[in-house]
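Here it is, the structure, as structure tokens.
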């Protein structure tokens, strides 16, 4: 395996201490929704990396994530889970029959983090949104800074880089400038995380149902959250209900306009499709 020696020396060549016996492991998607939900609740949302020093390596960060999971004992959400393993992004693309982005790959061995300038690790995001939904074509190039010592400070793509490392991948796409000025660590992080336009609830809904339709057409598995959005879309369509962005001034006085899609999604999950469908169908 291509996991760093620090990882395999402690957790085992096949991550025995993290995942348990190989023969007892199951694919995440083979679990029932109830089993997945129970494990989701045990995934630490947040992992602090500041205690690892000012510039921890990504191997140190991965080790810390694995350690925090194993310390949960019987509540370790990865115990008994068969994580996929890939030698490279190219191999992942071949095995999953998916394309990857054509870009220059950099070794994660050179990656460090400016812990004072960047946010800490959101482990639940890494596992639930990337590892368990992994698609090599969605590993977009990160952004960083290479200093005169050869260290590459990753200022964007920390989480998807760590997700790749979870799966054994040790080369990822990344663009970087060459500079010894920490100024660029803050500037790059701010440009991507502060100055960018955040996704609205309407955008989330629209993207999710469109992705569900595209997944079905392409023959790929539909994400459960996308399926909920598609189910809602079908009910709205059948009842001539228009879902719109808050502040849309071009809809006139149409009575069947829904601008609170975030709340409707919450109700759908909370009360189930049947009750929600009934309420929507009775909408006037």
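Which one is modelled with the highest pLDDT, of the residues in the range 228-247 that are exposed (fewer than 12 other Cβ atoms within 10 Å of the Cβ) and part of a loop (DSSP other than H, G, I, E, B)?
Among residues in the range 228-247 that are exposed (fewer than 12 other Cβ atoms within 10 Å of the Cβ) and part of a loop (DSSP other than H, G, I, E, B), the one modelled with the highest pLDDT is 240.
If you take the residues of the range 42-57 that are at pLDDT 95 or above and under 17 Å from the mean Cα position of the chain (by Cα), which of them is surrounded by the fewest Cβ atoms within 10 Å (Cβ to Cβ)?
Among residues in the range 42-57 that are at pLDDT 95 or above and under 17 Å from the mean Cα position of the chain (by Cα), the one surrounded by the fewest Cβ atoms within 10 Å (Cβ to Cβ) is 42.
Which of the residues spanning the range 119-149 are touching a strand residue (DSSP E or B) at 6+ places or on another chain (Cβ under 8 Å) and crowded, with 20+ Cβ neighbours inside 10 Å?
Across the range 119-149, the qualifying residues are 121, 123, 139, 142, 144, 145.
With respect to residue 152, determine if the residue is farther than 29 Å from residue 27 by Cβ, crowded, with 19+ Cβ neighbours inside 10 Å and either in contact with a strand residue (DSSP E or B) (Cβ under 7 Å, 6 or more places away or on another chain) or in the same structural domain as residue 57 (by TED's automatic domain parsing) (or both).
Considered against the rule, which asks whether it is farther than 29 Å from residue 27 by Cβ, crowded, with 19+ Cβ neighbours inside 10 Å and either in contact with a strand residue (DSSP E or B) (Cβ under 7 Å, 6 or more places away or on another chain) or in the same structural domain as residue 57 (by TED's automatic domain parsing) (or both), residue 152 comes out as yes.
So in the range 190-200, with the set limited to residues that are assigned to a helix (DSSP H, G or I) and under 18 Å from the mean Cα position of the chain (by Cα), which one is modelled with the highest pLDDT?
192
Within the range 1-22, take every residue that is part of a loop (DSSP other than H, G, I, E, B) and either touching a strand residue (DSSP E or B) at 6+ places or on another chain (Cβ under 6 Å) or free of Cβ contacts under 8 Å to residues at least 12 places away in the same chain (or both) and give me the one that is surrounded by the most Cβ atoms within 10 Å (Cβ to Cβ).
12
Still on this model: If we keep just the residues of the range 189-209 that are over 22 Å from residue 158 (Cα atoms) and touching a strand residue (DSSP E or B) at 6+ places or on another chain (Cβ under 9 Å), which is surrounded by the most Cβ atoms within 10 Å (Cβ to Cβ)?
Checking each candidate, the answer is 205.
Within the range 23-40, track down each residue that is loosely packed, with under 12 Cβ neighbours inside 10 Å and without any contact (Cβ under 8 Å) to a residue 12 or more places away in the chain.
23, 30, 32, 34, 37
Tell me, please, whether a residue that is in contact with a helix residue (DSSP H, G or I) (Cβ under 6 Å, 6 or more places away or on another chain), in a loop (DSSP other than H, G, I, E, B) and surrounded by 18 or more Cβ atoms within 10 Å (Cβ to Cβ) can be found in the range 210-223.
No: zero hits.
Among 97, 88, 107, which is exposed (fewer than 14 other Cβ atoms within 10 Å of the Cβ), in the same structural domain as residue 179 (by TED's automatic domain parsing), within 26 Å of residue 11 (Cα to Cα) and more than 15 Å from the chain's Cα centre (by Cα)?
Checking each option against the conditions leaves just 107.
How do the pairs read when you match residues in the range 196-209 that are farther than 11 Å from residue 229 by Cα with residues anywhere that are surrounded by 17 or more Cβ atoms within 10 Å (Cβ to Cβ), using Cβ under 8 Å and keeping only pairs 6 or more apart or on different chains?
Close Cβ pairs (under 8 Å, with a partner that is surrounded by 17 or more Cβ atoms within 10 Å (Cβ to Cβ)) amount to 201/261; 201/265.
The values are calculated or read from the model by the stated rules, or taken from the named source; none is laboratory data. As the structure is a computational prediction, the values presented were derived from the model and not from experiment. Reconstructed Cβ throughout: ideal geometry from the backbone, glycine too, with neighbour counts over all protein chains shown.
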